[in-house]
Number of protein chains: 2
Amino acid sequence: MNEQNINIDLKRINPYFGAAISVDCVVFGFDGTELKVLLMRCNMEPYVGLWSLIGDLLRVNEDLEGAAKRILKRRTGLDNVFMEQTKAFGSVDRHPLGRVITIAYYSLVKISEYELSNAPEYREAHWHNISEITELAFDHRDILDECLNLLRKHVKEAPVGFNLLPPKFTLPQLQNLYETILGKSLDKRNFRKKILKMKILKDIGETQQNVSHRPGKLYSFDEKRYESLRKDGFIFDLN
Amino acid sequence: MNEQNINIDLKRINPYFGAAISVDCVVFGFDGTELKVLLMRCNMEPYVGLWSLIGDLLRVNEDLEGAAKRILKRRTGLDNVFMEQTKAFGSVDRHPLGRVITIAYYSLVKISEYELSNAPEYREAHWHNISEITELAFDHRDILDECLNLLRKHVKEAPVGFNLLPPKFTLPQLQNLYETILGKSLDKRNFRKKILKMKILKDIGETQQNVSHRPGKLYSFDEKRYESLRKDGFIFDLN
């Protein structure tokens, strides 16, 4: 390409290079009863005071996944958690600062394992019951809904839900998680049959301690076994 | 927000507003034998002469889906086709003009229904057998692979594959499509049983014309019935 060509090209394309990219993380957690999402206080007009997803602008020198990890870690302290890109959102007027396309990620987190307030860029982040959320800043309500739909799909076709449970859990706890995410009750016998038939749970030979009801058997997710089954064509299916 | 605050904010964020967004469409087609993708000649250094996906930069005043439709129509003439957002790709050095994050869409097209060369911004677009593609411009090989993986997943969980077939087809043609997409042979009896059990195919009471083998019964996809079943909780499943 000679110099003239470069100039012509740059003149043609320059107006296109005025956008910013952001990453917004929808962080799901489960406290045994409610499905929750982690939100922080928005400090940008006209949304000051509203809650928003955990997000920030992409830096010049980082890729999307790197940005998602950096933002989550700096804002909340969460590190090394399940994270998956969901979708890009790019309505023309979605951001007050200018054209900002955001790439949404969703994360699944064991709530009790983290102390949020220790993060270096922590901004009043709290767990909110999803069922109680109404308004959010920007188009974050749409992003949350889209990620929630994806989560509902994923928990039926992959063993991602275990990221929301403690390492040891009972079958009623697992069923309760699924019922909470899917928003409907499931037949107990049928659920047990389906999940046990896949042979991806390990009976760890322990029972619950200090519970008022009859203590349940504790299981863990056997990830090694799942990966080995998967190589042989096994398909996780809770549909 | 007072004026000083605005200035400080803009100074802080300005360096972030130097990116461009593009949309790249992975357009799949099926000619009865091979799974194909529509590619156009790249005219940008250092990729001049290589093939690329159907793409262009996002304009200031359009949203992502609008851009995807505009680009596909102007470049190829394809209009009103199945289209779904796949993923954002944003490696730091993926584009020679600067920071360009691209949003990938995939489309499914009945090849025979379109005359590509009539498009206003047509640039030597051709159908390529996916099995024969090696190098592509930019990171388009990665994008193609990601969309192909998604297609393989989608055809098993939703009736999207019918978008690649003529409106009337035989069961062997349908099986052939699935085998080509999935890259493996399927048991004929099992495939028929699964697909017929879902009751989403309509026997249209015709058979093939002008074929050298025994003419097969022709079916069509009963979209209305599928949508009504779906409302009642029916799940398409060819796993």
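Restricting the range B:207-226 to residues that are of a type in the set (S, T, N, Q) and open to solvent by less than 100 Å² (accessible area, probe 1.4 Å), which is nearest to B:LYS197 (Cα to Cα)? Walk me through it before giving the result.
At the first step, the residues of the range B:207-226 found to be of a type in the set (S, T, N, Q) are B:207-210, B:212, B:220.
In the following step, the residues that additionally are open to solvent by less than 100 Å² (accessible area, probe 1.4 Å) were identified as B:207-208, B:220.
On the way: B:THR207: 21, B:GLN208: 23, B:SER220: 15 Å.
My answer is B:SER220.
Hey, among the residues in the range B:91-118 that are small (Gly, Ala, Ser) and open to solvent by less than 10 Å² (accessible area, probe 1.4 Å), which one's nearest to the other protein chains (Cβ to nearest Cβ)?
Step one: of the range B:91-118, the residues small (Gly, Ala, Ser) are B:91, B:98, B:104, B:107, B:112, B:117.
If we keep only those that are open to solvent by less than 10 Å² (accessible area, probe 1.4 Å) as well, we get B:104, B:107.
Details: B:ALA104: 9, B:SER107: 17 Å.
Result: B:ALA104.
Taking the residues in the range A:4-25 that are of a type in the set (Gly, Ala, Ser) and out of contact with any helix residue (DSSP H, G or I) (no Cβ under 7 Å at 6 or more places or on another chain) as candidates, determine which candidate is modelled with the highest pLDDT.
Kept after step one, since they are of a type in the set (Gly, Ala, Ser), are these residues of the range A:4-25: A:18-20, A:22.
From the residues that got through so far, the ones that are out of contact with any helix residue (DSSP H, G or I) (no Cβ under 7 Å at 6 or more places or on another chain) too are A:18-19, A:22.
Working: A:GLY18: 90, A:ALA19: 93, A:SER22: 97.
Looking at residues that are of a type in the set (Gly, Ala, Ser) and out of contact with any helix residue (DSSP H, G or I) (no Cβ under 7 Å at 6 or more places or on another chain), I get A:SER22.
Within the range B:72-98, work out how many residues are in contact (Cβ under 8 Å) with a residue 12 or more places away in the chain and under 22 Å from B:PHE30 (Cβ atoms).
Restricting attention to the range B:72-98, the residues satisfying the condition of being in contact (Cβ under 8 Å) with a residue 12 or more places away in the chain are B:72-78, B:81-91, B:94-98.
This time we only want the ones that are under 22 Å from B:PHE30 (Cβ atoms), so: B:72-73, B:75-78, B:81-86.
Looking only at that region, the number is 12.
If A:THR102 satisfies all but one of (1) out of contact with any His (no Cβ under 9 Å at 6 or more places or on another chain); (2) modelled with pLDDT of 95 or more; (3) over 26 Å from A:PHE162 (Cα atoms), what's the number of the condition it fails?
For A:THR102, the failing item is (1).
Okay, residues lined up against (1) crowded, with 16+ Cβ neighbours inside 10 Å; (2) in the same structural domain as B:TYR114 (by TED's automatic domain parsing); (3) touching a residue at least 40 places away in the same chain (Cβ under 8 Å):
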| site | (1), (2), (3) |
| --- | --- |
| B:ASP142 | no, yes, yes |
| B:ASP145 | no, yes, no |
| B:LEU171 | yes, no, yes |
| B:ARG189 | no, no, no |
| B:ARG192 | no, no, no |
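Where residues in the range B:26-65 are among the charged types (D, E, K, R) and within 15 Å of B:HIS95 (Cα to Cα), which of them is surrounded by the most Cβ atoms within 10 Å (Cβ to Cβ)? Before you say what the answer is, go through the steps one by one.
Keep residues of the range B:26-65 that are among the charged types (D, E, K, R), which gives B:31, B:34, B:36, B:41, B:45, B:56, B:59, B:62-63, B:65.
From the residues that got through so far, the ones that are within 15 Å of B:HIS95 (Cα to Cα) too are B:45, B:56.
On the way: B:GLU45: 12, B:ASP56: 18.
The selected residue is B:ASP56.
Quickly run through the range A:53-87 and pick out the residues that are closer than 13 Å to B:TYR16 by Cβ and either in contact with a Phe, Trp or Tyr (Cβ under 8 Å, 6 or more places away or on another chain) or facing another protein chain (nearest Cβ under 9 Å) (or both).
Listed by number, the residues that qualify are A:LEU57, A:LEU58, A:ARG59, A:VAL60, A:ASN61, A:GLU62, A:ALA67.
Quick check on the range A:230-237. Is at least one of its residues at pLDDT 95 or above and part of a helix (DSSP H, G or I)? Break it down stepwise before answering.
Of the residues in the range A:230-237, the ones at pLDDT 95 or above are none.
No; the residues of the range A:230-237 include none that is at pLDDT 95 or above and part of a helix (DSSP H, G or I).
Could you give me the residue pairs with C-beta distances under 9 Å whose first residue belongs to the range A:216-238 and is away from chain B (no Cβ under 11 Å), whose second residue is exposed (fewer than 11 other Cβ atoms within 10 Å of the Cβ) wherever it lies, and which are 6+ apart or on separate chains?
A:LYS217/A:GLY205; A:LEU218/A:GLY205
Criterion first (buried (at least 17 other Cβ atoms within 10 Å of the Cβ) and without any contact (Cβ under 8 Å) to a residue 40 or more places away in the chain) does B:GLN175 satisfy it? Reasoning before the result, please.
Values: buried (at least 17 other Cβ atoms within 10 Å of the Cβ): yes; without any contact (Cβ under 8 Å) to a residue 40 or more places away in the chain: yes.
Answer is yes for this residue.
The values are calculated or read from the model by the stated rules, or taken from the named source; none is laboratory data. Just so you know, these numbers come straight off a predicted model, no measurement behind them. Every residue, glycine among them, receives a Cβ derived from its backbone with ideal geometry; neighbour counts consider all protein chains shown. When the accessible area is computed, the model is the full protein with side chains, heavy atoms only, and any ligands, DNA or RNA have been set aside. Shrake-Rupley method; radii C 1.70, N 1.55, O 1.52, S 1.80 Å.
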